[in-house]
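Remarks on the structure that follows.
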Amino acid sequence: MRRSEFLRAVEVEFGARAATLVNDLVLGAVGSRTAAEALEAGVPPRDIWLALCAETDVPVERRHGVGRLEPRRR
């Protein structure tokens with residue numbers, strides 16, 4: 001997962017709460033940092049995404065493959 005995919009996934013899943021969660025919610029699974037701090041520290045975006053999902057009780061079926069754009073059609 002790339003950083004852009006992470007940010008897209010957070011926006012899709014959490015909508016208006018996305019920025020607040022990324023900047024304010026401390027995630028123990030990534031070193032007791034916020035998602036924004038973890039990104040800056042070099043934690044892989046996929047690890048942050050999974051930690052955020054676990055902390056906010058996102059169902060497992062919505063955790064995988066999100067944030068990716070649909071492939072371009074030729």
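The values are calculated or read from the model by the stated rules, or taken from the named source; none is laboratory data. Just so we're clear, the structure is a prediction, and the values are computed from it rather than from any experiment. No Cβ is skipped: glycine too gets one built from the backbone with ideal geometry, and neighbour counts run over all protein chains shown.
At a glance:
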| quantity | calculated |
| --- | --- |
| The range 5-23: number of residues that are touching a helix residue (DSSP H, G or I) at 6+ places or on another chain (Cβ under 9 Å) and exposed (fewer than 12 other Cβ atoms within 10 Å of the Cβ) | 2 |
| Candidates V26, V43, filtered to the one that is surrounded by 15 or more Cβ atoms within 10 Å (Cβ to Cβ) and hydrophobic (A, V, I, L, M, F, W, C) | V43 |
| Those residues of the range 1-28 which are in a helix (DSSP H, G or I) and in contact with a Pro (Cβ under 8 Å, 6 or more places away or on another chain), in sequence order | R3, E5, F6 |
| Close pairs from the range 47-74: first surrounded by 11 or more Cβ atoms within 10 Å (Cβ to Cβ), partner of a type in the set (D, E) and at pLDDT 65 or above, Cβ under 7 Å, at least 6 apart | V58/E13; R62/E13; V66/E13; G67/E5; R68/E5 |
| Selection count, the range 29-60, where residues are part of a helix (DSSP H, G or I) and among the β-branched types (V, I, T) | 3 |
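This table checks each residue for (1) modelled with pLDDT of 90 or more; (2) not β-branched (V, I, T).
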residue	(1), (2)
M1	no, yes
S4	yes, yes
F14	yes, yes
V22	yes, no
A41	yes, yes
L50	yes, yes
V60	no, no
L69	no, yes
R72	no, yes
